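Beneath this line is the structure, given in structure tokens, with notes to follow.
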Amino acid sequence: MTYDKIWLSSPHMGNNEEKYVKQAFDTNWVAPLGPNVDAFEMAIQKYISNEVHVAALSSGTGAIHLALEILGVGQGDEVLCQSFTFSASANPIKYLGAHPVFIDSERDTWNICPELLEKAIKDRISNGKKPKAIVAVHLYGMPYKINEIRKISEAYKIPVVEDSAEALGSTFKGIKCSSFGDIGILSFNGNKIITTSGGGALVSLNEVYKKKAIFLATQARDDAPHYQHSNVGYNYRMSNILAGIGRGQMEVIDDRVAARRANYAMYYKELSGINKIEFLDEPKDYFSNRWLSCILLPSYELREKIRLELLAYNIESRPLWKPMHLQPVFKNCLNYTNGTSEDLFMRGLCLPSGSNLKKSDLELIISLIKKILL
Ligand SMILES: *Cc1c(COP(=O)(O)O)cnc(C)c1O
């Protein structure tokens, strides 16, 4: 018997994406920029906060690259980066010729540990090398320790790039993620909570940062009748076609968050009674979009047994992110660790979490996990 594939997180279109894309064709706004880009940026702004400024870009990775450059990161600088994350949080540090210094996680949110972060800052300063920026991540949609990280950032005057690629719709004390850091970034990659098939955005309370981002993202062209350039630029702007998809997706974002949270609630209800399984609860004042529902198993072996059993039924699940300080590509980078992210990586599994999952899909997944653990 063959089973239809159940994806970890697949695109889920609403009703109006095609309409906005068709409008772009009908008006020949196929070239970069145009009304869909403006409207998409406005929709994101309205959703996050009226105070923020938004630049729609070609990817979340590009947004991190621009954010770091705008905050002054350059050749030879050090940048503190959450180790427990997807590689796109760290790669742009390398694009700029800078050096990532990886910081391990704490247990309450699985994100960057404030104590280790401060220890690393003191240590690097005593070595004569004050870090230029902090990349903190709301992994799987769970906000990092907002107040603690902000306090450290302010005390040492080191700006924060808030990687909210996985956290559109998540909040802390009712305030939306991507508006806490000096610069926030979003991703609209294919498996994120909403998608433009590929895209990202830079978000900031500081309008100057948005202007700089757009300048750099459009080849850094000076104000002159001919093409004149005083800076190295990039081609990172979002196209008007893809922004049309984004406009439609922003109309359904609340439904998407609710559906992902409902998946998590169902897994929690059915599996949390099995004392071998751990979940990541929301601390007080935290609201996660539950982009991916994650569980911890008692051992690597049980984690793999479940993953392979699901795979046999054509169900995609995925180990939690492998920490950056354990990645071959970053093996020569400094790190400050406490064992947390390595433990999460060994025992953790992301379960199918799409907003378009069927109830019968969830029931099958839950029954397969129960079969192994009960
Ligand atoms: C997806 C993701 C990114 C990168 O976004 P892209 O749009 O795919 O370039 C960055 N950071 C994290 C944590 C992500 O999950």
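Along each principal axis of its Cα atoms, how long is the chain end to end? Whole angstroms, biggest number first, please.
Computed over the chain, the largest-to-smallest principal extents equal 71, 60, 36 Å.
Amide H neighbours of Phe180 under 5 Å, at least 5 residues apart or on other chains, H built in the peptide plane: list them.
Hits under the 5 Å cutoff: none.
Order these by the 10 Å Cβ neighbour count, fewest first: Trp7, Trp110.
With the fewest neighbours first, Trp7, Trp110 line up as Trp7, Trp110.
What ranking do 111-118, 146-153, 297-304, 67-74 get when scored by the average of other Cβ atoms within 10 Å per residue, highest first?
111-118, 67-74, 146-153, 297-304
In whole Hz, with x marking every Gly and Pro, tabulate ³J(HN,Hα) for the stretch 271-276 from phi via Karplus 6.51 cos²θ - 1.76 cosθ + 1.60, θ = phi - 60°.
With coefficients 6.51, -1.76 and 1.60, one gets 10, 6, x, 7, 6, 7 Hz.
So which residue, out of Ile48, Ile64, Ile103, gets the largest mean-square fluctuation from a GNM of the chain using Cα contacts under 10 Å as springs?
Sorting by GNM fluctuation, first place goes to Ile48.
Considering all projection directions equally, how large on average is the shadow of the alpha-carbon convex hull of the stretch 217-334, in square nanometres?
Hull-based average projected area comes out at 14.3 nm².
Tell me the net charge near Leu216. Cut-off is 14 Å between Cβ atoms, Leu216 excluded, with +1 for each Lys or Arg and -1 for each Asp or Glu.
Charge balance near Leu216 sits at +3.
Applying the Karplus parametrisation 6.51 cos²θ - 1.76 cosθ + 1.60 with θ = phi - 60° to the phi angles of the stretch 166-174, what ³J(HN,Hα) value in whole Hz is obtained for each residue in order, glycine and proline being reported as x?
With the stated coefficients, the stretch 166-174 comes to 9, 10, 5, x, 7, 9, 10, 6, x Hz.
Can you show me the helix-derived [θ] at 222 nm for the chain, built from DSSP H runs with n ≥ 4 at -39,500 (n - 2.57) apiece and divided by the number of residues, rounded to the nearest 500.
-11500 deg cm²/dmol
What are the principal axis extents of the Cα atoms in the stretch 164-204, in Å, biggest first?
30, 18, 10
Grab the other residues whose beta carbon is less than 12 angstrom from that of His325, score K and R as +1, D and E as -1, and report the net.
0
With a point put 7 Å past each Cα toward its Cβ, work out how far Asp255 is from Asp281 in nm, to one decimal.
Result: 3.3 nm between the two label points.
Test of understanding: ordering Thr85, Thr196 by Cβ neighbours within 10 Å, fewest first, what list do you get?
Ranked by crowding around the Cβ, least crowded first: Thr85, Thr196.
Would you kindly give the portion of the calculated P(r) for the stretch 253-299 that falls above 14 Å, as a percent of all Cα pairs?
Summing the P(r) tail past 14 Å for the stretch 253-299 gives 53 percent.
Under 10 Å, Cα contacts only: if you run a Gaussian network model on the chain, which one of Ile194, Ile185, Ile277 comes out with the highest mean-square fluctuation?
Ile277
For the stretch 127-246, evaluate the Debye formula with one uniform point scatterer on each Cα (no solvent term) and list log10 I(q)/I(0) at q = 0.11, 0.19, 0.22 Å⁻¹, rounded to two decimals.
Each listed q corresponds, in turn, to -0.46, -1.09, -1.25.
Listing Asp182, Asp222, Asp104 from the residue with the fewest other Cβ atoms within 10 Å to the one with the most, what is the order?
With the sparsest Cβ surroundings first, the list reads Asp222, Asp182, Asp104.
Which value, in Å to one decimal place, does the Kirkwood hydrodynamic radius take for the stretch 175-247 when every pair of different Cα atoms is included?
13.7 Å
Report the local net charge at Asn206: Lys and Arg +1, Asp and Glu -1, summed over other residues whose C-beta lies under 11 Å from its C-beta.
For residues surrounding Asn206, the net value is 0.
Ranking request for peptides 18-29, 35-46: highest mean number of other beta-carbon atoms within 10 Å first, then the rest in descending order.
Per-residue mean Cβ counts within 10 Å order the peptides as 35-46, 18-29.
At 7 Å along Cα-to-Cβ for each site, give me the label-to-label distance between Arg318 and Ile372 in nm.
My value for the distance between the label points is 1.8 nm.
Output ³J(HN,Hα) for the stretch 43-51: one whole-Hz value per residue in order, computed from phi by the Karplus curve 6.51 cos²θ - 1.76 cosθ + 1.60 with θ = phi - 60°, and x for Gly and Pro.
For the stretch 43-51, the Karplus-derived couplings read 5, 5, 4, 4, 6, 6, 4, 5, 7 Hz, x marking Gly and Pro.
For Leu57, enumerate residues with amide H under 5 Å from its amide H, sequence gap 5+ or separate chain, H modeled in the peptide plane.
Result for Leu57 returns Gly200, Ala201, Leu202, Met238.
If you count the DSSP beta bridges with both ends in the chain, what percent of them are antiparallel, to the nearest 5?
55 percent
Read-outs: derived from the displayed coordinates by stated rules, not from any lab. Remember, it's a predicted structure, so these values are computed and weren't measured experimentally. Reconstructed Cβ throughout: ideal geometry from the backbone, glycine too, with neighbour counts over all protein chains shown.
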